[in-house]
Amino acid sequence: MTAERSTARTVVNVVGVLLLIGVVAPFVVYGFPQIVGADYGFVVLSGSMEPELSPGDAIIVREAAPGEIEARDVITFRTDSQTPTTHRVTDVIEREGTVAYVTKGDANEDPDSGTVPHERVLGEVFVTLPLLGYAVRFINTPLGFVVVVAGPLAAFVVSEVWSLAGSVDRSDSVDQ
C-alpha cells in the first residue's frame with residue numbers, strides 16, 4: 001500500500017468518525033441532557049412558537065431559579081395537560097414573595113390565559129436541536145425501534161455468528 005493510499009484511508013476514517021459523532025451527539029444530548037448541564041429533553045409538538053421553535057424540533061431545558069427568568073426568555077412549564085407547554089415570557093409578576101409569569105406563544109395572537117406560577121416551571125430552553133424530534137418520535141414507535149435498535153443489533157449478532165462459524169471451519173481444515 002502506498003503512502004498516498006494510507007493517508008487517504010486515514011482521512012476518510014477521521015471524516016467518518018466525525019460524521020458519526022455529529023449524528024450521534026444530538027441524540028445523546030437529548031437522551032441525557034445532564035451532559036450539557038440541563039435537566040430535560042422535549043419534542044416540540046405544535047407551531048405556537050414558530051419561527052423560533054417548530055414542530056419536530058427537540059429542546060433541551062435546564063432548571064432556572066425565579067430570579068433567572070426574565071421577559072423574552074422561553075420557558076417550559078406544566079399545565080393541566082400531561083404534555084408540558086413551551087412559550088415565551090412576556091412579563092414577570094412578583095407579589096408577596098411569589099413569582100409568576102405571563103406567557104405567550106410567538107405565533108399566537110393573545111397571551112396565554114392566566115399566569116404561570118414559578119412552581120409549575122420546569123425550566124428555561126437551553127438548546128434547540130432542529131428536526132431531531134422527528135427522529136425521536138419515529139424511534140419511539142415499534143417500527144422505529146426495529147429499524148434503529150433491534151435491526152442493527154440482529155445484524156451485528158448474525159455477523160458475529162457468521163465470523164465465528166467461519167473461523168471454526170478454517171481451524172478444522174488446518175487441523176486435518
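Listed values, structure above:
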{"quantity": "Longest site-free stretch - the chain; sites: trypsin sites (Lys or Arg not before Pro), DSSP loop, at most 15 other Cβ within 10 Å", "calculated": "79-176"}
{"quantity": "Solvent exposure ordering (accessible area, 1.4 Å, most first) of TYR40, TYR101, TYR30, TYR134", "calculated": "TYR134, TYR40, TYR30, TYR101"}
{"quantity": "Whole-Å distance, taken between Cα centres, linking the range 65-82 and the range 103-172", "calculated": "25"}
{"quantity": "For GLU50, solvent-accessible area (1.4 Å; no DNA, RNA or ligand), Å²", "calculated": "80"}
{"quantity": "Whole-Hz ³J(HN,Hα) from phi, Karplus 6.51 cos²θ - 1.76 cosθ + 1.60, for the range 116-125, glycine and proline x", "calculated": "10, x, 4, 4, 8, 7, 7, x, 9, 5"}
{"quantity": "Selection from SER54, TRP162, PRO117 lying farthest towards where the dipole of the range 22-176 points positive, charges on Cβ", "calculated": "TRP162"}
{"quantity": "Spin-label model distance (nm) - GLU109 vs ASP73, 7 Å beyond Cα toward Cβ", "calculated": "3.0"}
{"quantity": "Summed side-chain charge close to ALA71 - residues other than ALA71 whose Cβ falls under 13 Å, Lys, Arg +1, Asp, Glu -1", "calculated": "-3"}
{"quantity": "Area accessible to solvent at GLU68, 1.4 Å probe radius, in Å²", "calculated": "110"}
{"quantity": "Probe 1.4 Å, all protein chains present, accessible-area order of VAL61, VAL23, largest first", "calculated": "VAL23, VAL61"}
{"quantity": "Residue among SER6, GLY133, ALA65 farthest towards the positive dipole end of the chain, charges placed on Cβ", "calculated": "SER6"}
{"quantity": "Accessible-area order (highest first, 1.4 angstrom probe) of the listed residues ASP57, ASP112", "calculated": "ASP112, ASP57"}
{"quantity": "Of [x] 0.97; [y] 1.23; [z] 0.94, the label for Rg/Rh (Cα atoms, Kirkwood Rh) derived from the coordinates", "calculated": "[y]"}
{"quantity": "Accessible area (Å², per residue) of the chain, counting only protein heavy atoms and a probe of 1.4 Å", "calculated": "67"}
{"quantity": "Nearest-10 value in Å² for the accessible area of ILE35, using the 1.4 Å probe", "calculated": "110"}
{"quantity": "222 nm mean residue ellipticity, helices alone, for the chain (DSSP H n ≥ 4; -39,500 (n - 2.57); rounded to 500)", "calculated": "-12500 deg cm²/dmol"}
{"quantity": "Over the chain, relative contact order from alpha-carbon pairs under 8 Å, at least 6 apart, %", "calculated": "19"}
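The values are calculated or read from the model by the stated rules, or taken from the named source; none is laboratory data. All of these numbers come straight from a predicted model, not from anything done at the bench. Because the Cβ atoms are built from the backbone with ideal geometry, glycine has one as well, and the counts that use them run over all protein chains shown. Side chains are part of the model used for accessible areas, which takes the heavy atoms of the whole protein and leaves out ligands, DNA and RNA. Shrake-Rupley method; radii C 1.70, N 1.55, O 1.52, S 1.80 Å.
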